[in-house]
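Engineer: One structure, pasted below without further comment.
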Amino acid sequence: MTEASEKKVALVTGAGRGIGKAIAESLAKAGHHVICVSRSESSCGAAAESILSDGGSAESRAVDVADRAAIEAASEAFIEAHGTVDILVNCAGITRDGLLFRMSDADWDDVIATNLSSVFAWSKYLARPMTRKRWGRIINISSVIGLMGNAGQANYAATKAGIHGLTKSLAKEFAARNVTVNAVAPGFIATDMTAELNEQQQEAIVGMIPLKRMGAPSDIAAITRFLASEDAGFITGQVFTVDGGMVM
Ligand code: NAP
C-alpha cells in the first residue's frame, strides 16, 4: 500500500483509549503527525506520549466534543499551527443505554451531542482548508447498530445512522474538491465500551459473529489507515462494515 506521499496532519477524536488510540498509533506509523483529542488530558496526553516514545510525531489536546464552541476554538488553533488538518477521524463516542420509556432527555441529548453533532462541527471547521488544498480525508466511526438498530440503544443507533446520512451528504458536497468522506461501522470490538457487558452478554455476542471472536481495535485501525491513504482516493460516501461477518 502506498501511504500519503508527504507527511499529513491527522486529527483523531477519542484517541485516548480503545479504537481511537489504535487509529492514532496506526496513522503515526504511516508517517503522519497525529493530533490526539479526547475528553481528558491524561488519556489523550498518554496516547500522544506513547506515539512519541515510538518515534512518531504527535500532540494532544483535551476537547469536550459535545461542546461546539470548544471544537471551533480547537480547530482554529490547529489550523493556525499547521495550516490545515488533512485527515479527520471522528471516533469519540459514548453510550447511555436504556429502553425508550426509561431514557432520560439528558441521556438522549448527551449521546446526540457527543456522537453526532460533534461530527457535524469538526467537519464544518476542518473541511474548509481541505477543500482549499484539494486534498482531504474524513473518516467517521459509526457502528453496525446504526444499520441494525438495537433495543435499549435508540439514542446510540440514531447517532450512528445519522453519521451514515451525514457521511454520504458531505461526500457529495466535497467530491469536486478531492475530499473523500467515508464511514467505518464496527461490530463488537474489545474495548472499555464492551468490557461493560457481563460474561454472559459477551458470550451471546460472540455466538452471533461468524468469525467467532470480538474484533480488536487494530481491525478498525487497519481500514481507517487505508481510507486515509492515497490508495483510497477513488472511494467516497461509503459505509464499511467491519464486524466478523455479523451483518451480511
Ligand atoms: P472507549 O474505549 O469508551 O473510548 C472512547 C473515547 O472517546 C475515549 O478516548 C474518550 O475520552 C472519548 N470521548 C468520549 N466522550 C468524549 C467527549 N465528550 N469529548 C471528547 N472525547 C470523548 O470507546 P471505543 O470502544 O474505543 O469506541 C470508539 C468509537 O467506536 C465510538 O464512537 C463507538 O461508538 C464506536 N464503536 C465501538 C464499538 C465497540 O464494540 N467498542 C462498536 C461499534 C462502534 P477519554 O479517554 O478522555 O475518556
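The values are calculated or read from the model by the stated rules, or taken from the named source; none is laboratory data. All values reported here derive from a predicted model rather than from experimental measurement. Because the Cβ atoms are built from the backbone with ideal geometry, glycine has one as well, and the counts that use them run over all protein chains shown. To get the accessible areas, we keep the full protein, side chains included, count just its heavy atoms, and leave off ligands, DNA and RNA. Shrake-Rupley method; radii C 1.70, N 1.55, O 1.52, S 1.80 Å.
Engineer: Only residues that are away from the ligand (no atom under 16 Å from the Cβ) and either buried (at least 18 other Cβ atoms within 10 Å of the Cβ) or aliphatic (A, V, I, L, M) (or both): list them for segment 158-179, please.
Structural biologist: Scanning segment 158-179 gives 170, 171, 174, 175, 176, 179.
Engineer: In segment 39-52, what residues are part of a helix (DSSP H, G or I) and open to solvent by 20 Å² or more (accessible area, probe 1.4 Å)? Step through it out loud before you land on a result.
Structural biologist: Looking only at segment 39-52, we keep the residues that are part of a helix (DSSP H, G or I), and these are 41-52.
The answer is 41, 42, 43, 46, 49, 50, 52.
Engineer: Here are some conditions: (1) away from the ligand (no atom under 12 Å from the Cβ); (2) of a type in the set (Gly, Ala, Ser); (3) more than 24 Å from residue 235 (Cβ to Cβ). Residue 28 meets all but one. Which one does it not meet?
Structural biologist: All conditions are met except number (3).
Engineer: Take segment 33-55 and flag every residue that is more than 7 Å from the ligand (Cβ to nearest atom) and among the aliphatic types (A, V, I, L, M).
Structural biologist: Residues satisfying the conditions are 34, 35, 46, 47, 48, 51, 52.
Engineer: Is it the case that some residue within segment 130-149 is aromatic (Phe, Trp, Tyr) and within 17 Å of residue 75 (Cα to Cα)?
Structural biologist: No, segment 130-149 contains no residue that is aromatic (Phe, Trp, Tyr) and within 17 Å of residue 75 (Cα to Cα).
Engineer: Mind counting the residues in segment 1-25 that are in a helix (DSSP H, G or I), near the ligand (Cβ under 7 Å from one of its atoms) and open to solvent by less than 10 Å² (accessible area, probe 1.4 Å)?
Structural biologist: So the answer is 1.
Engineer: Sticking with this one: Which of the numbered conditions does residue 55 fail, given that it passes all the others? Conditions: (1) surrounded by 15 or more Cβ atoms within 10 Å (Cβ to Cβ); (2) under 25 Å from residue 220 (Cα atoms); (3) small (Gly, Ala, Ser); (4) more than 15 Å from the chain's Cα centre (by Cα).
Structural biologist: Here residue 55 meets the rest and fails (1).
Engineer: Mind listing whichever residues of segment 213-237 are away from the ligand (no atom under 16 Å from the Cβ) and without any contact (Cβ under 8 Å) to a residue 60 or more places away in the chain?
Structural biologist: Result: 233, 234, 235.
Engineer: If you go through segment 26-35 one residue at a time, how many are touching a Leu at 6+ places or on another chain (Cβ under 8 Å) and part of a loop (DSSP other than H, G, I, E, B)?
Structural biologist: Adding up the residues that qualify gives 0.
Engineer: Residues that are within 22 Å of residue 136 (Cβ to Cβ) and touching a His at 6+ places or on another chain (Cβ under 6 Å): does segment 56-78 have at least one?
Structural biologist: Yes - at least one qualifying residue is present in segment 56-78.
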